[in-house]
Amino acid sequence: LIGAVRQRFPAVHRWLGRVYVSASFLAGVGGLTFILAKGTIGGTIMNVGFGLYGALTMLAAVQTIRHARARRVDLHRAWALRLFALAIGSWLYRMDYGFWLLLTDGAGHTQNFRGPFDMVMAFFFYIPNLLVAEAFIRARRIAAPPVLKFGAAGVLAAATGFLVLGTYFFTAEYWGPAILHWVVG
C-alpha cells in the first residue's frame, strides 16, 4: 500500500504482498472453520457477522492476488485496499470495545456478547471500513478540487492520529501490562 516501496522495491512489494494475502486468507479460513465447528460466544448474530467477515476477507485476498497476476493494477490496488480495510477490522474491533467500555461503562454489552451493542459490533467493526475504502477507491477516479482532496486527507490524518493515540493508550494502560504479566508470570 506504500507507493515508494512498490516503485523502488517491486520484489519486496510482491513478497510482502504474498505473505500478507496468504496470512489474511488463512485467517479467514481459520475463522470460518472455528465458527462452523464451535460457533462464537455471541450466538447466531455473531456467527453471521464474523462468518461474513471471514468470507469477505478470503474473497478480497483471492481477488487481490488474481488481479495482480493478471497485471490489472487498478483492480489489484482496489482489492488490496479492501483487504487492508478488512484486516484492520480485527484491531478496530478491540479498539471499539475499549472505547465503548471506557466511555459508556459497557452499556449494551453483556458477558455472553449478546447485548444490543454486541449485536451491532458483529458487523460494525468491518462494514464502515469497507465503506471508507470504497469511497477512497471511487474518489481516485473523480477529478475533485484540491480543497476537497485536502479535506479528505485531513479527515484521514485525524482518524489515523486518533487510532494511534488510542492504540498507545490501550497498549500502555491495559493490553501491554496484561501481556507483560502473562509473559513474566
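The values are calculated or read from the model by the stated rules, or taken from the named source; none is laboratory data. A quick note: this is a predicted structure, and the numbers were derived from the prediction, not measured. Cβ coordinates were reconstructed from backbone atoms using ideal geometry, including for glycine residues, and neighbour counts include every protein chain displayed. Heads up: the accessible areas ignore ligands, DNA and RNA and are worked out on the full protein's heavy atoms, side chains in. Shrake-Rupley method; radii C 1.70, N 1.55, O 1.52, S 1.80 Å.
Shown for the chain: the carbon plus sulfur share of the solvent-accessible area, taken with all protein chains present and a 1.4 angstrom probe, equals 72%. Annotation: M58 carries an accessible surface of approximately 40 Å², with a 1.4 Å probe and no ligand, DNA or RNA atoms counted. Taking the charge dipole of the chain about its Cα centre, with +1 at Lys and Arg Cβ atoms and -1 at Asp and Glu Cβ atoms, the residue from V184, T110, Y93 reaching farthest to the positive side is Y93. Taking Cα centre as origin and charging only the Cβ of basic (Lys, Arg, +1) and acidic (Asp, Glu, -1) residues, the dipole magnitude of the chain rounds to 1180 debye. Taking 0.36 nm per residue of separation and subtracting the current Cα-Cα distance, fully stretching the chain between Y174 and R69 would add 33.6 nm.
Helical runs (DSSP H, four residues minimum) scored at -39500 (n - 2.57) apiece and divided by the length of the chain put the mean residue ellipticity at 222 nm at -27500 deg cm²/dmol. The angle separating the long axis of helix 10-38 from the principal Cα axis of greatest extent in the chain is about 30 degrees.
Against the main long axis of the alpha-carbon atoms of the chain, helix 146-170 sits at an angle near 40°.
Along the stretch 123-136 the Karplus relation, 6.51 cos²θ - 1.76 cosθ + 1.60 evaluated at θ = phi - 60°, assigns HN-Hα couplings of 10, 5, 6, 10, 5, x, 4, 5, 5, 5, 4, 4, 4, 5 Hz to successive residues, with x for each Gly and Pro.
Near G42, no amide H atom lies under 5 Å from its own; only residues 5 or more places off or on other chains count, and H is placed 1.01 Å from N.
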